[in-house]
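Derivation of every value follows stated rules applied to the coordinates shown; laboratory data play no part. What you are looking at is a predicted structure, and each value in this text was computed from that prediction instead of being measured. Positions of Cβ are generated from backbone atoms using ideal geometry, with glycine treated the same way; all protein chains shown enter the neighbour counts.
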Amino acid sequence: MAKTTKTTAPDKKSDNTIEQKKSWKMNRQYKMLLGSLFVLFSVALLVAFISFFIHGQEDQSAVLELADRSQTVNNWLGKFGAFIADIFVYRGFGVASFLFVKLFFLTGSFLVLDISLKRLKNIWFWDLFVIILFSIFFGFSFTRLPELGGTIGYEMNLFLQAYIGKIGTSLILIFGIIIYLIFKIKISPETVKSFFERSKKEIDDDFKTFKTPAATSDYNLEEFAVKEEVEIEEEEIEEEPELKPISKFEINKENLRPTILNSSEIQLETSSKQMPLTISPAPAHSISEPEKQIIHTNDETFVIEKAPEEEVVEENLASRLVADFGLFDPTLDLSNYKFPTIDLLKEYSTGGITINQEELEENKNRIVETLRNYKIEIAQIKATVGPSVTLYEIVPEAGIRISKIKSLEDDIALSLSALGIRIIAPIPGKGTIGIEVPNKNPTMVSMKSVIGSAKFQEAEMELPIALGKTISNETFVVDLAKMPHLLMAGATGQGKSVGLNAVLTSLLYKKHPAEVKFVLVDPKKVELTLFNKIERHYLAKLPDSGDAIITDNTKVINTLNSLCVEMDNRYSLLKDAMVRNIKEYNDKFKSRKLNPENGHRFLPYIVLVVDEFADLIMTAGKEVETPIARLAQLARAIGIHLIIATQRPSVNVITGLIKANFPARIAFRVTSKIDSRTILDTQGADQLIGRGDMLYTNGNDVVRVQCAFIDTPEVEKITEYIGSQKAYPDAYLLPEFIGEESGINLDMDISERDSLFREAAEIIVTAQQGSASLLQRKLKLGYNRAGRLIDQLEAAGIVGSFEGSKARAVNILDLSSLDLFFNNEQNNS
Ligand SMILES: Nc1ncnc2c1ncn2[C@@H]1O[C@H](COP(=O)(O)OP(=O)(O)OP(=O)(O)O)[C@@H](O)[C@H]1O
């Protein structure tokens, strides 16, 4: 079995046209031009400012008469210099204007080097803050030299002093400094404390080493050198990302460390003393280790060296990346994507539920009478009206056995002359007995009402699904991610397809195309075709396959196996990231702690929807059951969720293996109690009234829900709304899976032959027809296995080679010749 994995991201670059490249070049040229202008302007500012402080006063009158050519100025940059210096320094911010030189220089450099300007925002913001703060400070401190604070500083200072006085102004200035220290420098009491502690220790160390004869001048020099190096390195680290944030995740850890050889320390200590004891932990990491802390004890010969705590570089780097670029946003590729609006959906009922008082009264009386006939007295009865069913909650008199009421189910139904009575005895968690009676005039639950409900809109779930409304008329919202897989079954025409559409629509209303992808399998070819329009937004498919919606059962096997490959790939990514599930993984990826260069990517949820599962099991049997069971067992953690619908709830379709892995199940109306048991492990689905009336279970409790109704034109409108928006270049591509039918693996070895090889040969020889479909039928095999058998028969020489549409020739005439053939083969081997 040859498998190749090719993980492809949806945002695969489309073919870059020559035009695009050209426009990029133009862009770059403009940037370089503009950048150089900025750099030159910064130089001009510097010259103008310096000469303003030397000759400013003399130029003051000339600035007012710029047009007069006879006026001469002393500024080194002529009238222009005098003018800009006047604007920035005199009328502006005074000495603090020098920071503009830095700002323009940096902006120019960023443009010339084509570095993202995002970081500049931060720099401009804080520098402008400092400029204003400084100009107020100078205006405040040097009232006699107004040019130090500039007109702005001077005036602001006057303004502040007029309102809050000198003390108030100085407090504001101090507050400004605190803001800068906290947010820009990121100072906290802890950092200050640790700084002082470190300096104290350094002073102590210096003092001691000075005293200790072991500390030769060599040592001090080295230590000094190390410190200097650290300072330089730190500066570099500060500056580097400003100029080179190209590689977001790379960091050369060695650059962060001062280079010091432990051995030199050890040697120094040993050479000076006769019997020194030096304890140095973890000598294995001697190269490029951080500074070690040396603790001197009272005994001068005993020096303890303590390895410092290692910095968590990744953390720092990630938070720095997040500070610079913000959290990773997976929706950025389609940032203008607009979610479908609620008005695309239709409102079916005008008002809410209509309560028919007479009907309620009548039903109540009948229930009471029927029970009284069987000597069951009722203490209290309460009715809750739902959209299609009313729940009568009964509190029986003390001493009445619940099983007695339950056994009267059919009698009560008969006396109420209604289809679909369901008795819940007792209602879990309530201690009452429930009798559900269908309403004469059920209210249709529109998809609009459930999608628009606050419960759905505000649902904090990974994959919220609005299924419909419960008996107490509450919107019923469940999380597919928690289910984690859903089985939907029900007889034909009871609302399965509408239910599937409701599930898909819910997800379309809540999830961005970057966050969820659907794999749709639709053997009926008509149910899910509408979703074709959103192929490039929401669908996933195999590479090189035409339509994303799979209608051919043989292709399903490849898709399922490909999903298994995707699952394995995702598990290894999760393992690599040391997280347990997709949510943690994506959170980590968003906070830029995972490097895309190591294959990490944002993982969208994948929802596999199989309509008509029975059909699939019939044609492909075990070959689909195995990958489905594998996905169902393992895929929950990595965000692959399965929704399987079938109208034939028989045990050979919903097998034990499938059932064990699908705790969440929806049953629409079925025809027999046995079917109900097959789906829900309990009866009840046979007593539903159809038209979207359903039972939902996720373990123990069974909830009766009226499924929301969504019609085909509504789905069409939604898919059209989404489909007409900008999309990804292609559908989300699943990893490639090369199935066994590719013919590459002809099993030539006799020992590796299929166990049914002899039987298959006999069938082919008897029928004198070499076709895989014959084997499929006779041996009840899937397409793949039958194909492989034919390949083996060809390799053995029993059938001829592939001849297009004609069946293969059979080279052995009858069964006796076949026996002879096998005997010969055995003797030869
Ligand atoms: N939630 C609902 N509310 C009201 N009517 C519904 C609802 N669901 C289904 N119906 C009615 O039942 C009809 C059949 O529904 P649907 O096509 O979903 O059945 P199905 O189980 O998918 O049938 P099949 O298996 O043959 O495709 C719909 O045309 C609609 O009139």
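Quick one: if you stick a label point 7 Å off each Cα along the C-beta vector at residue 155 and residue 343, how many nm between them?
Reported label-point gap for residue 155 and residue 343 is 4.9 nm.
Counting other C-beta atoms within 10 Å, which of 394, 666, 355 has the fewest, and how do the rest follow?
The order, fewest Cβ neighbours first, is 355, 394, 666.
Which net charge results when you count Lys and Arg as +1 and Asp and Glu as -1 among the other residues whose beta-carbon is under 11 Å from that of residue 432?
Net of charged neighbours comes to +1.
Kirkwood Rh and Cα-based Rg: tell me the resulting Rg over Rh for segment 401-443, rounded to two decimals.
1.01
Looking only at segment 594-752, where both bridge partners belong to it, what percent of the DSSP beta bridges are antiparallel (to the nearest 5)?
Values: 9 of 14 bridges.
The antiparallel fraction comes to roughly 65 percent.
Once the Cβ-Cβ distance between residue 132 and residue 28 is put in as r, and R0 is 60 Å, what FRET efficiency do you end up with, to the nearest 0.05?
0.95
For residue 430 and residue 333, what does the FRET efficiency come to when R0 = 60 Å and r is the distance between their Cβ atoms, rounded to the nearest 0.05?
Between residue 430 and residue 333 the formula returns 0.75.
In nm, what is the difference between 0.36 nm times the number of residues separating residue 751 and residue 779 and their Cα-Cα distance?
Between residue 751 and residue 779, full extension yields 8.0 nm more.
State the extension gain, in nm to one decimal, for the chain segment bounded by residue 545 and residue 145, taking 0.36 nm per residue of separation less the distance between their alpha-carbons.
Roughly 136.2 nm would be gained on extension.
If I model a spin label at residue 414 and residue 182 as a point 7 Å from the Cα along the Cα→Cβ vector, what separation in nanometres do I get?
Going by the 7 Å Cα→Cβ label model, 7.9 nm.
Quick check: residue separation of residue 724 and residue 191 times 0.36 nm, minus the Cα distance between them. What number comes out in nm?
Computed gain between residue 724 and residue 191 is 186.4 nm.
Counting only other residues whose beta carbon sits under 12 Å from that of residue 638, what net charge do I get with K and R as +1, D and E as -1?
Taking every other residue near residue 638 into account, the sum is +2.
Run the quick spin-label model on residue 581 and residue 825: label points 7 Å from Cα toward the beta carbon, then report their separation in nm to one decimal.
5.1 nm
Strictly greater than 23 Å: what percent of every Cα pair in segment 24-187 meets that?
That tail contains 50 percent of the Cα-Cα pairs.
Which of the peptides 464-477, 543-556 is most tightly packed, and how do the rest follow, judged by the mean count of other Cβ atoms within 10 Å per residue?
On the way: 464-477: 20.9, 543-556: 16.4.
Peptide ranking by packing, descending: 464-477, 543-556.
Sum up the charges of everything whose Cβ sits under 14 Å from the Cβ of residue 763, counting Lys and Arg as +1 and Asp and Glu as -1, but leave residue 763 out.
Within the 14 Å Cβ shell, the charges total +2.
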